[in-house]
């Protein structure tokens, strides 16, 4: 069965301007669910948007997977009053209904995982449902506007462990068969299956307060998922890690950056201790390329904006995991990796947000021995394995 997803995004947002592109844990909001979709059982995921900046971003950042595709959404289906169903219908007609299962994903539900997506698809593939959606089992007591209880007896208030509670739609994942969607043009219809997600996934991002809650929950989940083992890979940012963040510019552009020779020796030593060195930076810099060639770091990736998804696919290609990675970063675009890898480091002069969440704050500053210090710590750590 051909299983595809639509991730509809609008350029306009009244409550949080530029919401879909705003950075949550250092990544654009929409990229959280998009990355999970890439690593799910879906055959393709279409970002359907009227924002050409987003289309350009995914074309550049997700070149490593054939699953992600961008399509331009019409203006009439990207207004405040346009329904999601209308966008789904436009999309389905655009691709000539070339699917067996259509999955609707929502960028405002960043806690969605590949597991949740797969479970929703399985309701159709394995359980024979015509549609499915994600819900949360909440143990809340609800009331009618006339002051009468909806789901319990006030004189026999149940204990939480004895109370079945309510299943509430959390707006994260929906799936439908082609036949059902052709008949109803609705995200779910017919024999509908339910997939339970964790209670915190009820948070949808409609207000600035929602944003702060979702970001804190996401950081907490990343940290709780950390694994620990022997470190096999050291992944480094460049500006603010190799360098102090300063750049000298002239009429022809970038002229010079400052590197610490002790860091180079530290990387040579750590490679002798069977730790592979990888460099990943958001900048496209000839100076950096030359320096990494001098250091004989073959795996140097320039111009990587979405470092989390790139590192995830890189570890998958190496048949490894985040648990085997040590990461050194200094700014918010490193934050998702800082919170996810087996052991994360921040130079002494990193941003406050990164130092708050790093596993270890180095005593040395960037371009003043921070990398050398981290290398020594990793070698000592690996001796126990």
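Before moving on, here are some points about what is shown:
Yes or no, residue by residue, for (1) farther than 23 Å from residue 271 by Cα; (2) outside any strand (DSSP E or B); (3) within 26 Å of the chain's Cα centre (by Cα); (4) in contact (Cβ under 8 Å) with a residue 12 or more places away in the chain:
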{"position": "327", "(1), (2), (3), (4)": "no, no, yes, yes"}
{"position": "353", "(1), (2), (3), (4)": "yes, yes, yes, yes"}
{"position": "356", "(1), (2), (3), (4)": "yes, yes, yes, no"}
{"position": "363", "(1), (2), (3), (4)": "no, yes, no, yes"}
{"position": "366", "(1), (2), (3), (4)": "no, yes, no, yes"}
{"position": "378", "(1), (2), (3), (4)": "no, yes, no, yes"}
{"position": "385", "(1), (2), (3), (4)": "no, yes, no, yes"}
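- Selection status of residue 11, touching a helix residue (DSSP H, G or I) at 6+ places or on another chain (Cβ under 7 Å) and either in the same structural domain as residue 103 (by TED's automatic domain parsing) or in contact (Cβ under 8 Å) with a residue 24 or more places away in the chain (or both): no
- Residue in region 148-158 that is loosely packed, with under 12 Cβ neighbours inside 10 Å, in a loop (DSSP other than H, G, I, E, B), in contact with a strand residue (DSSP E or B) (Cβ under 9 Å, 6 or more places away or on another chain) and in the same structural domain as residue 14 (by TED's automatic domain parsing) present: yes
- Flag for residue 345 being buried (at least 16 other Cβ atoms within 10 Å of the Cβ), modelled with pLDDT of 95 or more and not in a helix (DSSP H, G or I): yes
- For region 270-287, a residue qualifies if it is more than 20 Å from residue 337 (Cα to Cα) and touching a helix residue (DSSP H, G or I) at 6+ places or on another chain (Cβ under 6 Å), and the qualifying residues are 270, 273.
Per-residue answers, yes or no, for (1) surrounded by fewer than 20 Cβ atoms within 10 Å (Cβ to Cβ); (2) in a loop (DSSP other than H, G, I, E, B):
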position	(1), (2)
303	yes, yes
313	yes, no
316	yes, no
319	yes, yes
339	no, no
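- Counted residues, region 229-256 - those being in contact with a strand residue (DSSP E or B) (Cβ under 8 Å, 6 or more places away or on another chain) and either buried (at least 20 other Cβ atoms within 10 Å of the Cβ) or under 22 Å from residue 356 (Cβ atoms) (or both): 9
- Residue match in region 283-298 (condition: within 26 Å of the chain's Cα centre (by Cα), assigned by TED's automatic domain parsing to the domain that holds residue 346, closer than 30 Å to residue 107 by Cα and at pLDDT below 95): yes
- Condition met for residue 313 (outside the structural domain of residue 40 (by TED's automatic domain parsing) and within 27 Å of residue 34 (Cβ to Cβ)): yes
- Residues of region 182-203 include none that is surrounded by 19 or more Cβ atoms within 10 Å (Cβ to Cβ), in contact with a strand residue (DSSP E or B) (Cβ under 8 Å, 6 or more places away or on another chain), more than 28 Å from residue 139 (Cβ to Cβ) and assigned by TED's automatic domain parsing to the domain that holds residue 107.
- Some residue of region 169-180 being modelled with pLDDT of 95 or more, touching a helix residue (DSSP H, G or I) at 6+ places or on another chain (Cβ under 8 Å), within 30 Å of residue 380 (Cβ to Cβ) and surrounded by 14 or more Cβ atoms within 10 Å (Cβ to Cβ): no
- Sub-6 Å Cβ pairs linking a first residue in region 207-232 that is farther than 13 Å from residue 325 by Cβ to a second residue that is modelled with pLDDT under 95 and part of a helix (DSSP H, G or I), at least 6 apart or interchain, are 217/200, ordered by first then second residue.
Every residue, every condition in (1) outside any helix (DSSP H, G or I); (2) under 20 Å from the mean Cα position of the chain (by Cα), yes or no:
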residue: 174; (1), (2): yes, yes
residue: 196; (1), (2): yes, no
residue: 213; (1), (2): no, yes
residue: 219; (1), (2): no, yes
residue: 222; (1), (2): no, yes
residue: 235; (1), (2): yes, yes
residue: 238; (1), (2): yes, no
residue: 241; (1), (2): yes, no
residue: 244; (1), (2): yes, no
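- Hits in region 299-322 (condition: in contact with a strand residue (DSSP E or B) (Cβ under 9 Å, 6 or more places away or on another chain), at pLDDT 95 or above and closer than 20 Å to residue 219 by Cα): 306, 307, 308, 309, 310, 311
The values are calculated or read from the model by the stated rules, or taken from the named source; none is laboratory data. None of these values were measured; they are calculated from a predicted model. Backbone-built Cβ (ideal geometry, glycine too); neighbour counts: all protein chains shown.
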